[in-house]
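Shown next, in structure tokens, is the structure this report addresses.
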Amino acid sequence: MKNNKGQLKIQQMAFMLIAITLFFVLVGLFLLSFKLSSIRTQATLLEEESARGYANKLANSPEFSCGDSFGTAEVNCIDADKLMTLKANIDDFEELWGKGITNIKVIRVYPKQESGECEGNLNDCNIITLKESSEGFGASSIVSLCRKEVLEGKSYDKCEVARLIVNYEDWRE
Amino acid sequence: MNRKGQEEIVGFALIIIIVAVILLVFLAFSLNKPEKEDLENYVVKGFLDATLAYTSECRDERNFEFISIRKLIGDCSQGFSCYDGESACEILEKDLKGITEESWDLTRYDGYEIRVLKKNQSIIDTIKEGNITKQSKGYMEEIDGERVVILFKAYY
């Protein structure tokens, strides 16, 4: 009888120990996954930040930027004529972007244009693609897309609203 | 005594299971929470800068040049018309509406509003879409040093 009671006590304690261990393991798992998810979010934010940084850097690089040509010196302004020249000679500029950039695209958002890739003429298209891939983290920023137009024999500045999309991938991985 | 001990164990196990289930549900909920689009100040500023630089369809009555939104706001505040007789304010309102509609995706952001004010009085109807929420980022730009301002606010 006494032996039985002792066994039951040991069994009870064993159950208790298992239950408490299980409880702490679950709490530990919960905290760990919470921490991991916050690290993952931070990593994503950093990658996005890099992509945004690249988008701004590209928009202000001499190969893209309008400079003072359109009176838009302090604005993120892309020269559409430079962009088309760059597109036509894209192989010569492969090293310009560095290894991380996988996608560079400029999409005209206003005024609304017919959808399609621009090939030489900018009037009936809305996309200028310099590099295309969906890999990496994407970031976009609204920019001015300016060019020189001619009306009644006189040249004037035409600036539209466009979105610069850049995808960035950490190539060191 | 034996029976009482067994009841205690079952009761404790039940509590552990309930707590574990609650923890797991909370964990699943917190991991599946949809990520909201964050909005940075420079995105709002960049948008307003690009909007103000946009070349409108309005031609200046004096030199026949197409004018930018920045200049169009100045003309509208002074009641000027374009070369073809259309009101500067009508073109301004149409362009601002079009630019904001095409630039801001309301599936990613909650809403936006844009106002053009002269001495704190709106000179065109406020352009407003989506929902006004507590979190917002805004930017204001003074036009030509006059008391005319354009104010843009995005809600997220």
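The values are calculated or read from the model by the stated rules, or taken from the named source; none is laboratory data. Owing to the predicted nature of the structure, the values given are computational and were not obtained by experimental measurement. Because the Cβ atoms are built from the backbone with ideal geometry, glycine has one as well, and the counts that use them run over all protein chains shown. Surface accessibility is based on the protein's heavy atoms, side chains included, excluding ligands, DNA and RNA. Shrake-Rupley method; radii C 1.70, N 1.55, O 1.52, S 1.80 Å.
Does B:Lys128 satisfy being under 21 Å from A:Arg163 (Cα atoms), free of Cβ contacts under 8 Å to residues at least 40 places away in the same chain and out of contact with any Ser or Thr (no Cβ under 6 Å at 6 or more places or on another chain)?
When the stated conditions are applied, B:Lys128 does not pass them.
How many residues does the stretch B:39-95 contain that are charged (D, E, K, R) and under 21 Å from the mean Cα position of the chain (by Cα)?
7
Hey, among the residues in the stretch B:72-91 that are within 14 Å of another protein chain (Cβ to nearest Cβ) and assigned to a helix (DSSP H, G or I), which one's farthest from B:Lys119 (Cα to Cα)?
The selected residue is B:Ile91.
Which numbered condition in (1) more than 21 Å from A:Glu47 (Cβ to Cβ); (2) within 14 Å of chain B (Cβ to nearest Cβ); (3) touching a residue at least 24 places away in the same chain (Cβ under 8 Å) is the only one that A:Phe137 fails?
Unmet for A:Phe137, out of (1) more than 21 Å from A:Glu47 (Cβ to Cβ); (2) within 14 Å of chain B (Cβ to nearest Cβ); (3) touching a residue at least 24 places away in the same chain (Cβ under 8 Å): (1).
Across the stretch A:42-80, what is the number of residues that are under 22 Å from A:Thr102 (Cα atoms) and within 11 Å of another protein chain (Cβ to nearest Cβ)?
The number of residues fulfilling the criteria is 12.
Within the stretch A:110-121, track down each residue that is surrounded by fewer than 16 Cβ atoms within 10 Å (Cβ to Cβ) and in contact with a strand residue (DSSP E or B) (Cβ under 6 Å, 6 or more places away or on another chain).
If the condition is that a residue be surrounded by fewer than 16 Cβ atoms within 10 Å (Cβ to Cβ) and in contact with a strand residue (DSSP E or B) (Cβ under 6 Å, 6 or more places away or on another chain), then A:Glu117 is the only one that fits.
Sort out which residues of the stretch A:122-138 are open to solvent by 10 Å² or more (accessible area, probe 1.4 Å) and in contact with a helix residue (DSSP H, G or I) (Cβ under 9 Å, 6 or more places away or on another chain), and write them in order of number.
A:Leu122, A:Thr129, A:Leu130, A:Lys131, A:Gly136, A:Phe137, A:Gly138
Any residue at all in the stretch B:115-124 that's open to solvent by 10 Å² or more (accessible area, probe 1.4 Å), modelled with pLDDT of 90 or more, in contact with a Leu (Cβ under 7 Å, 6 or more places away or on another chain) and within 14 Å of chain A (Cβ to nearest Cβ)?
There is no residue in the stretch B:115-124 that is open to solvent by 10 Å² or more (accessible area, probe 1.4 Å), modelled with pLDDT of 90 or more, in contact with a Leu (Cβ under 7 Å, 6 or more places away or on another chain) and within 14 Å of chain A (Cβ to nearest Cβ).
All but one of (1) farther than 30 Å from A:Glu94 by Cα; (2) exposed (fewer than 14 other Cβ atoms within 10 Å of the Cβ); (3) modelled with pLDDT of 80 or more hold for A:Lys5; which doesn't?
(3)
I'm trying to understand the selection: among the residues of the stretch A:18-28, which are more than 8 Å from chain B (Cβ to nearest Cβ) and open to solvent by less than 100 Å² (accessible area, probe 1.4 Å)?
Answer for the stretch A:18-28, where residues must be more than 8 Å from chain B (Cβ to nearest Cβ) and open to solvent by less than 100 Å² (accessible area, probe 1.4 Å): A:Ile20, A:Thr21, A:Val25, A:Gly28.
Scan the stretch A:68-75 and tell me whether some residue there is more than 19 Å from A:Gly138 (Cα to Cα) and part of a helix (DSSP H, G or I).
no
Considering only residues that are among the hydroxyl-bearing types (Ser, Thr, Tyr), within 17 Å of B:Val148 (Cβ to Cβ) and without any contact (Cβ under 8 Å) to a residue 24 or more places away in the chain, which ones fall in the stretch B:67-113?
B:Ser68, B:Ser87
Being β-branched (Val, Ile, Thr), surrounded by 14 or more Cβ atoms within 10 Å (Cβ to Cβ) and away from chain B (no Cβ under 12 Å) narrows it down to one of A:Ile101, A:Ile107, so name that one.
Checking each option against the conditions leaves just A:Ile101.
Name the single residue that is nearest to the other protein chains (Cβ to nearest Cβ) among those in the stretch B:56-71 being at pLDDT below 90 and surrounded by 16 or more Cβ atoms within 10 Å (Cβ to Cβ).
Across the stretch B:56-71, the extreme among qualifying residues is B:Glu65.
With the requirement that a residue be in a strand (DSSP E or B) and closer than 13 Å to B:Leu48 by Cα, what does the stretch B:94-130 give you?
Residues satisfying the conditions are B:Tyr112, B:Glu113, B:Ile114, B:Arg115, B:Val116.
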